[in-house]
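Taken together, the values in this text are just the output of simple stated rules run on the coordinates, not laboratory data. Computed from a predicted structure; not experimentally measured. Note that we place each Cβ from the backbone using ideal geometry, even for glycine, and neighbour counts take in every protein chain shown.
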Amino acid sequence: MENTVVGAFGHPSLVARRASLRRNKKSSRLPAGAAASYRLNSPSRRIKAVDTNSQDLNVHLEARAESAADTINPALKGSVWPSPSDETPFWKKEFPTWDVSVEVPADVEKDSDLMHIIHVTAEMAPIAKVGGLGDVVTGLARACLSRGHTVDVVLPFYECIEKRQITDLTLITTYNSFHDGDWIPTNAYRGEVSGIPVIFVEPSNQFFKGKYVYGGSYNELEAYIFFSRACLEWMQVTGVQPDIIHVHEWQTSALPLLYWDMYHQLSLKRPRITLTIHNMEHYGECRQEQLSKCGLDGAIYATTDKAVDDRTIGHNPERLSLLKGGIVYDNAVLTVSPTYLKETLCSGWLSSTLIRNRDKYFGILNGIDTAIWNPATDIYLPVKFNAQKLEGKKFCKNYVQKGLGLPVESAGIVEGKDVVNGTQRKVPLVVCITRLVAQKGLHLITHAIKNVEELGGQMVVLGKAPDDRVEREFKDLADLYNEGPAIRILLMYSEELSHMLYAAADMVLVPSLYEPCGLAQMIGMRYGAVPTVRRTGGLADTVFDIDDHSNSHMANGFVFDGIDEGSLNGALDRAFSLYKNKPDEWTGLVRKAMERDNSWNNTAGNYIEVYNSVRVR
Ligand code: ADP
């Protein structure tokens, strides 16, 4: 896979593009008329305009907001249009703290048979989010709370968590939890995060220290095995016995082993354990002696029917897989879309384990948290909007374009006209918000950058690469493109900017090689960004092609099958053609995408059914 990535960056067309960009650094490759308008709006011009005419622009910003039939975000009152030369980038402004719990509809029907569910997880949005896992925990927890259940989330107290995002943070107990022959003093705090009760587990050793959720200078595998035991130890010392302990991914997959082979023999009798696998690629490879550090005997699990990593059989040493152990030891195993469930039963080294456990394996589509992801209330947007009032979306697009130094379609004298054709020039904005890892189709993302520019569109990539080599490759691309008129590649993680980009976008691109569920396409739809996706996993379950006439009532985007550039081109061509040539149909598609119910309310009931099927009464 790594070779594919490197190959993609070294592709001859990209090498040629580099040479051509170096030659033409100052000249646009767009049609003559368009190039003229882009030059007029080059970032340096606009920076000057902001300096000299800030009062005018200020009026303009607020006047435009009013014409957008909504009020401007109070955090922006009195500001000018943003610009790339701003000392504080527009996504780093001081936004008010956001209590999304007030956005949660009170009229959700309550379940009759209520239970206590505890999620044990490495991520939770927005305070400790790296990808979709964090979103899912928060969204599912809130949906179950709304249905009347008691829900807690247990999370490591990462040093990087911003405490101001936690309400009523209180130390509730200090206890000892076991690691490598020692009892480690550990604090448990209680607090609330956007309306959801959270227990924070804070060991007094070096675990979970550092600037980020992952990648601290401690042994991550051992830290999460410790955390798994510390959660059960906390339940034991406090007497908390939920109906369901819901673990996620390999990080908390040692918990079911610890539960059934240790704590269930002690005082915890009631809980049953469910595991959600969000991504089968990460399986928690573990040496026997590492597992032994939590007090279990690692050797006991080194059998095919327990946790041995089948790929290492016959090697010295054979390894364990925490995820496989979790699959074997849990009462129910879930994954995040029906199509991904089928894919994982057919391929991958865990498929034989999943087939053996087929009768407790379920595929339930993720939802999105519609309190956090709501363009009608989102505090990060300059102006809010909904499917009926789309003017605010146009404003968000202009706002982001100005802030990133991209030409704006409708704010200037020359803009908006394609001089060559004499027609209205339409510049769709495509966004791709993703972790930059091989799974996400890196060669297709880089190809899309080139193709979108050639098609006369704009594209913003917001991504973070955990791998230094990928980071460097994208940094090179950013150096090549970011001074040009059409592309911005932003290599960072920003929750605020992601909200603004979804709101600004005409299209959201998700060209993944595989995708267990995918949230970007669903969030994009909610914000009126029409999805263009590869048909795989959850993308196949949520996006339906507008040219598939057998399924036209579901149609909400553009879908392609191949992993080659031609397949992607075909989908982008069709999307651009509809956007440019049939604006009314496009607006209809935007509205339809926005109105699709991708919320947890729609899907949490399936989780409740699984919980009910395993709990003890
Ligand atoms: P995965 O879990 O594989 O990362 P998903 O599509 O399920 O992919 O979820 C990704 C989540 O992370 C979405 O909420 C997306 O908006 C967010 N995200 C990904 N990269 C970034 C980034 N660089 N900045 C902000 N949010 C991001």
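Of all DSSP beta bridges confined to region 264-384, the antiparallel ones make up roughly 30%.
Among the listed pairs Lys163/Lys293; Lys269/Lys360; Lys440/Lys475, which are separated by more than 24 Å between their Cα atoms?
Lys163/Lys293
Between the amide H of Leu334 and those of Leu275, Thr276, Ile277, Phe362, distances stay under 5 Å, these residues lying 5 or more places away or on another chain, with hydrogens modeled in the peptide plane.
Between Phe544 and Asn556, Gly557, the built amide H atoms are under 5 Å apart, and every one of these is 5 or more places off in sequence or on another chain.
In this simple spin-label model, placing a label point 7 Å from the Cα along the Cα-to-Cβ direction at both Asn176 and Arg190 gives a separation of 2.5 nm.
Beta bridges per DSSP, both residues in region 101-213: antiparallel share near 70 percent.
Return the subset of Lys397/Lys426; Lys110/Lys592; Lys393/Lys464 for which the Cα-Cα distance in this structure is over 18 Å, preserving the input order. Write down the numbers at each step before the final one.
Working: Lys397/Lys426 13 Å; Lys110/Lys592 28 Å; Lys393/Lys464 26 Å.
Cα-Cα > 18 Å for Lys110/Lys592; Lys393/Lys464; rest within.
For region 476-617, what's the relative contact order in percent, using C-alpha pairs closer than 8 Å and at least 6 residues apart? It would help to have the intermediate numbers written out before the result.
On the way: 172 pairs, mean separation 24.2, N = 142.
Once divided by the residue count of region 476-617, the mean separation gives 17 percent.
Sorted ascending by nearby beta carbons within 10 Å, beginning with the fewest, Thr542, Thr150 become Thr150, Thr542.
Please report the relative contact order for region 293-344, taking Cα pairs under 8 Å with a sequence separation of at least 6, and give it as a percent rounded to a whole number. Reported as a whole number, the value is 26 percent.
Take Thr344, Thr532 and order them by how many other Cβ atoms sit within 10 Å, fewest up front.
Ordered by Cβ neighbours within 10 Å, fewest first: Thr344, Thr532.
Neighbour counts of other Cβ atoms within 10 Å put Lys475, Lys324, Lys450, Lys110 in the fewest-to-most order Lys110, Lys475, Lys450, Lys324. Mean separation of Cα pairs under 8 Å and 6 or more residues apart, divided by the residue count, gives region 198-322 a relative contact order of 21 percent.
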